Structures are given as C-alpha cells and as structure tokens.
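Enquirer: Mind looking over this structure? Questions follow.
The values are calculated or read from the model by the stated rules, or taken from the named source; none is laboratory data. This structure is a prediction, so every number in the text was calculated from the model and none was measured. Cβ placement follows ideal geometry from the backbone for every residue including glycine, while neighbour counts extend to all protein chains displayed. For the accessible areas, the whole protein counts, side chains as well, though only heavy atoms, and no ligand, DNA or RNA atoms are used. Shrake-Rupley method; radii C 1.70, N 1.55, O 1.52, S 1.80 Å.
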Amino acid sequence: TLGTQTDYRDGETQTDPYSPEYVVPSGSVPELLTLAILTWGRGLPAGLAEVEMIERAREKRAWEATLPAMDNASQIAKRRKMMDDMERKEWAFREQEIEKLQEVRLEVLKKLLQRREENQNELDAKRLDDHWQNHQKAKEEKIKKIQHDCALMLRKLIAKRKNVMGKLERRDIIKEYSDFASQTYAPLSRIGYFPDNHSERYVVKNFYLNTFAGLCELEASLPDSVTQVKIKAPKPKHTTTKTGFIKRSARLEVELAQVHQALLEKKNKVKEPKKPLRFLEKVEKPVPRPPTPILEKPSIEEEETELAVICLQKLLRGRAIQNMMFEGKEKRLELIRELRTTHALQEDGQLLLKAEEQMTLALQQQHDLQMHKLSSLENTLAREEGRVLANIFDFLSKELVRLQEERKIHAFVMLAERQRRMREAEESGRRQVEERRRQEEDEIFKQASGRLSTIESYLEDIILSSMENTAEEQAREEIQRMAVEINDIAYEIESRRTRLQSEEIVAELVYDFLIPEAEKMSIREKVRQSQRKHIYAAHQIILGGTE
C-alpha cells in the first residue's frame, strides 16, 4: 500500500545478472559449463568474437573425439600426425590474431600521430601568430615614436617661424596673466614642469588620522551632532504629498506666480518726476581720454584658428587637471582605503583584515609563481622559435646561393654556345675563302696550262664564275636568314629549357660536337700536310712556266 521514489537511476543500481546454483549429474559434461569463464562485462553478452571462440571449441572437441586410440605404433603415428596438423592450424590462427592486433595498433598509432601532427601544426600557427603580433606591436611603437618625433619637430619649426629674425623679446607679464592659455596657468611637461613632483608634501601625516587610537580619540572628542546626523525635512509652503515632498506642479505654480508678480511690478512702476533745479552747478568737463589704439581686424581664418587653439588649450588644461586628480587618487588609494577601513575597525574587523591580508599575500605569491612559470615558458618558446627561424633562414640562404650558381652556370653555357656558333661561322667563312682560293689557283693553273683555249671558253668561264658567285651570295643570304630563324627558335627553346634539359644538351654537345670536331681537325691537318707537297710542286711548275 506504500510507494517510494528512489534517488538513483535503475542503471546505477543495476547489478550482475543472477546466476542460480546448479548440480551436474555424474557421468555428464554439459557444454554450457565450458563457458563458465565468461562473466557479465567480460564476454557476456556474447559478441562475434565470443561466438567464433565457441565454434572453435566445438570443432576442437569434435576433432579430439576423432583422434585414434593409442593401441599400436601405426595409430600412434597417425595420432601424432593429426596433432601436428592441428598445432600448425592453431599457430596459423594465432598469427592471424596477432596480425589483426598489430593492424589495430597501427591504426591507433596512425591516429595518434595524426593528432600529434595537428596539435603541432596548431602550436606552430599559434607561435607564428604570437611572433606576428610581437612584430606588429614593435611596428606600432615605432610608428608612435616617429609621430611623436614629427610633432616635436613641427613644434620646433613653428616656434622658430614665429621669430625668424631671431630678435630677443622682453617678457610681457600682463599678457601672460591675461591669457589663460599661457605657461603661467597651463605649464607644459615637455618644457620641464611636472605637476606631480614633490607630492609627498601633501601627504597628511597626523596621529589622529594614521592610527586607530587617534581615530577613536578624535571620534570621542566630536559632538553627537557630527557623528549622528539629523536631517529635517523642509516645511512645505504649498501643496505637499503625504510623505512631505513638494509636488512638481505646485513648484511650477509658485515659480509662475513669482514671474507674474515681477512683470506686474515692472508694468505698474510709476516714473519719478524730475526734480527742479535748486541752483546752477558748474559741470566740469572730464579730462579728454587719449585716443584709443585701433588694431587691425584679424582675418576670419586666423580668428577661427585662434578659437580652435583656445578650445584645445582648455580641453588639454581640463584633461591635465583630471589626470592629475586621477593620479593623485590612484597614488593615495591605499591611504583612502585605510581611512575608510579604520573608521569601522573593531577586534573582529582587525581579524578579518589580517585574514584578508594573508589571503592577499598568498594570492600574490601564487600570481608571482604563475608569472614565473609563464615567463620561463615564453622564454622556451622564444628559443624554439628562434631555432626554427634560424634553420628556415639558413635553408633559404642556401637555396638562394644554389639558384645564383645555377644562373651563373646557365649564363656560362649560353656564352659557350654563342662562342661555338661564332667559331662555326668563322670556320665556314675560312673554309669558303680556302675553297675560293683553291678554285682561283686551279683556274690559273688551267689557264696557264691551256694556252690554246679560245675567247669563247674564257667568256664561258667568266659567266660560270659570275653565276657561281651570284648563287654563292644568294646561298649565303639564305643561310644567314635560316641561321637567324634557327637562333630565334634556339633562344625560345633555351628560355623554356629546364636544368635537366640543359645538362643533356651540354652532354650531347660534348659527345656529338667537340669529339667529332677534334677528329675532323686532326684529319684536316693530315690532308693539309699531304696536299702541301702537291701545291708546292704546282707552284714550282707555274713559276717555271711564267719565267
């Protein structure tokens, strides 16, 4: 008939499932008892792994039932062979399980490494942000300093511009005291005046104010009218509320009545009649005043500038007084608090103040310890940042040197290619000159040997030689044009060429041009040596014939 409400959830009060007592008959081995090692939370409720384990246990029991008896040697050998096969299967299964565990651990390790890398990237980004913020702060401070120096130099230039001629002026005390923006009323700190200097003069040092006993004595000497203030409410002259306050409407009515009465008195005021003259009086003429000096009227822009400067000076003066009062209040804040607290100090209050003082000291020590830890941590981070930045700058400098060397090598390759082309052109020119000279010598030799040639053959030779010269000039122009086109194409290819292609071209030039050219030069030299004796004999014959 009674119901209760528990303070706990069912999940919090849930225990392990109930396992009743059991009795095993003799001669029987229930399969369920093989799972006695499984308990709630450790295999129960059964999952896929537990089901596979149960199936393997069943298969093993079935296998054990099929083992042959140990009656003779053949049965023993067969039994040993079956056991060896089963053992190999179990070892293979265990290796698979170990591989699965290793894969799971590898995945977990990959996730941990990825998480650590993400944390490291976040930390690096944070350090870079802190470094960037420090640079920004330094930049802002530098800009502020530049602006301050600029303002200082502008003030100096303005002051020099006021007195360009460098004339000495006498101090005008009347002008300084008549101008509230002068140095007399608002001195500037940048010219050496510091209003907060010697502030210890104004510190109140009194026995009655600095000690608790003096405060108690001072309080006892004061009358009750000072310590116990009695405020009397003013007696209302007009309509008042229940609490004794004058209504706003009544106050307005009284003010309107006073204004109306003043207007009536002014309106009804009777003019006094003029008094008759009793006797003549001599009116002395006043001494004539000196002529009033007339100043030039300043321009509107100068007047607006002067008004703006006066307003700015007033603002600065008020701000300076406000800052002075605020700094004085901040500097005497402890004294103010002490004066406020000493009026209400009692024994319990002193104990509370001591406890607060101890707590404050403990908090201050804890804060100092935290600041020390933070400073050490910042120093460590700054050292690591410097090491990382040094490595980065070292790598960048090495890369810059490598790029410069690569560009130098590329320039050297271009110069070598250009010299090669120039040498090829010179060699082709020399070869053409040699061939032309050889043809001329052959023609001279033919003409000297063939005295019976006619004028027609001579003219044909001249025509052929002119045709050959014309064809040679046209071929030379065509070759030069093609050389220009090939050079443009080569320069375009060189501009798009990579370092690997450059190295391949240099290797091809070495193996395809320099070595064959050296062989050609050696062969050419041998041919020249062999032909020299024939040329010498021809020269001797020609000279003998001409002689």
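Enquirer: Check the range 409-430 and report whether any residue there is assigned to a helix (DSSP H, G or I), over 30 Å from E503 (Cβ atoms) and outside the structural domain of N134 (by the TED database). I'd like the intermediate steps shown before the answer.
Expert: Taking the range 409-430 first, the residues assigned to a helix (DSSP H, G or I) are 409-430.
Imposing the further condition that a residue be over 30 Å from E503 (Cβ atoms) reduces the set to 429-430.
Then drop every residue that is not outside the structural domain of N134 (by the TED database), which leaves 429-430.
Yes; the residues of the range 409-430 include at least one that is assigned to a helix (DSSP H, G or I), over 30 Å from E503 (Cβ atoms) and outside the structural domain of N134 (by the TED database).
Enquirer: While we're looking at this one, here's another question. Can you pull out every residue in the range 351-390 that is among the charged types (D, E, K, R) and closer than 16 Å to D130 by Cα?
Expert: E378, R383, E384, E385, R387
Enquirer: Would you be able to tell me the number of residues in the range 63-88 that are closer than 20 Å to T34 by Cβ and open to solvent by 60 Å² or more (accessible area, probe 1.4 Å)? Working first, answer last.
Expert: Restricting attention to the range 63-88, the residues satisfying the condition of being closer than 20 Å to T34 by Cβ are 63-67, 86.
Filter again for open to solvent by 60 Å² or more (accessible area, probe 1.4 Å), leaving 64-66.
Number of matching residues: 3.
Enquirer: Identify all residues within the range 28-46 that are surrounded by 10 or more Cβ atoms within 10 Å (Cβ to Cβ), within 28 Å of L101 (Cβ to Cβ) and not aliphatic (A, V, I, L, M); write none if there are none.
Expert: Selection gives T34, T39, W40, G43.
Enquirer: Take the conditions under 30 Å from T546 (Cβ atoms) and at pLDDT 75 or above and apply them to I455. Does it pass?
Expert: Working: under 30 Å from T546 (Cβ atoms): yes; at pLDDT 75 or above: no.
For I455, the condition - under 30 Å from T546 (Cβ atoms) and at pLDDT 75 or above - is not met.
Enquirer: Just checking, does the range 385-392 include any residue being under 30 Å from A186 (Cβ atoms), polar (S, T, N, Q) and either at pLDDT 85 or above or surrounded by 10 or more Cβ atoms within 10 Å (Cβ to Cβ) (or both)?
Expert: Of the range 385-392, the ones under 30 Å from A186 (Cβ atoms) are none.
No: the range 385-392 contains no residue that is under 30 Å from A186 (Cβ atoms), polar (S, T, N, Q) and either at pLDDT 85 or above or surrounded by 10 or more Cβ atoms within 10 Å (Cβ to Cβ) (or both).
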